[in-house]
Structure formats: C-alpha cells, structure tokens
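The values are calculated or read from the model by the stated rules, or taken from the named source; none is laboratory data. Note that the structure is predicted; figures quoted are calculated from it, not measured. Cβ sites come from the backbone with ideal geometry, for glycine too, and all protein chains shown count toward neighbours.
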Amino acid sequence: MNKISLFLTIVFTLFILSCNKEDKIKKETEDYTVYQANMRLPLGAGTNSVVFFTFQNNTEQSVKVISATSSLDAKVEIHNVLMKDNMMFMQQAEFVEVKAKSNIIFKSGSYHLMVMGIKDKLKAKDLVTFTLELDNKEKITFKASVEGLNKIHSKH
C-alpha cells in the first residue's frame, strides 16, 4: 500500500469512529433534547444574564425541570414572567413541567434561566455549559452560545 492510500485509510477510519461516537451520545440523550440555546451577554458592567432554549421531551411521561446549574461562577434559577394587575413581573419558578412528547420554549417574556452574580469575563460566541436537573433525577447538559442582545431576541 502506498503512503497516500495508507493516509486515506487512516483518515476514513478516524471519520467513521467519530461518527459512531456521536451516535452513542445521541442515543444516550434521545429522551430529551435541548436546542437553540443562547445566553445574553451581560450589559455593560452587569453581572446578570438570561438563557433561552427549547427543551424537548421525547418520552411518554411528563417531566419537570426542577433546577439548573452552569459552568460559570454564578447562581442559576428558573424564572417565569407573569402578569398581575396589568403589570408584568418576574419570579422564580419552582419547576417547569414538560408534557410527554412536547416541548417548552424558554424565551423572553416566559420561562427562562436567570444567571445572577456572574464573576466570569464573557464575550460574544463563548460557550457556557448548563445542566438541567429533572424530577426523575436525570440531568441534561447542554452548551449555550453567548450572544449580544439584538441577536438573541431574534432567535426566540
């Protein structure tokens, strides 16, 4: 076998192995999917931010998202925006229930993750890891892209 054939065989083998690794990851998390995850870049010298994403429950059972953590040196809470006496206000939510075979969009004006007291220096396009804990003791980890205010609101 010449050097070019050997090289192409090695590259092709590595490609196949990497595809199989991704398939395993997908199979391990196929019950739940998180996608379109974005985190707003804190404004100015601010230390608070929000995270928006879609959580898809692919199972036959309802599930509750009961808490969240991140790779940041910060506190993460689940919040919701509510209307009371014609005034909108935000409050911490004990949980978010996601019905079987459905999804919940964590977005502006609704459920979202509130990240408070961020000590890390963030910049646009950074990736931040978040972990959601479910009431069935499962944990779902995903990455959110840090984006400027204008970009994040156009996605949700």
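For every residue, the table says whether it meets (1) more than 18 Å from the chain's Cα centre (by Cα); (2) among the polar types (S, T, N, Q); (3) within 19 Å of Leu149 (Cα to Cα).
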site: Thr47; (1), (2), (3): yes, yes, yes
site: Val50; (1), (2), (3): no, no, yes
site: Phe53; (1), (2), (3): no, no, yes
site: Gln56; (1), (2), (3): no, yes, no
site: Gln61; (1), (2), (3): yes, yes, no
site: Ser70; (1), (2), (3): no, yes, no
site: Val96; (1), (2), (3): no, no, no
site: Ile118; (1), (2), (3): no, no, yes
site: Leu122; (1), (2), (3): no, no, yes
Exercise. Sort out which residues of the range 112-146 are touching a Phe, Trp or Tyr at 6+ places or on another chain (Cβ under 9 Å) and more than 13 Å from Ser70 (Cα to Cα), and write them in order of number.
Key: His112, Leu134, Asp135, Glu138
Practice problem: Say whether the condition of being among the hydrophobic types (A, V, I, L, M, F, W, C) and either at pLDDT 55 or above or in the same structural domain as Ile118 (by TED's automatic domain parsing) (or both) is met by at least one residue in the range 12-19. | Solution: no
Quiz item: Can you name the number of the only condition in (1) free of Cβ contacts under 8 Å to residues at least 24 places away in the same chain; (2) more than 15 Å from the chain's Cα centre (by Cα); (3) closer than 17 Å to Ser62 by Cα that Phe89 fails?
Solution: (3)
Exercise. Please find, within the range 22-52, the residue that is surrounded by the most Cβ atoms within 10 Å (Cβ to Cβ) out of those that are at pLDDT below 90 and of a type in the set (A, V, I, L, M).
Key: Leu43
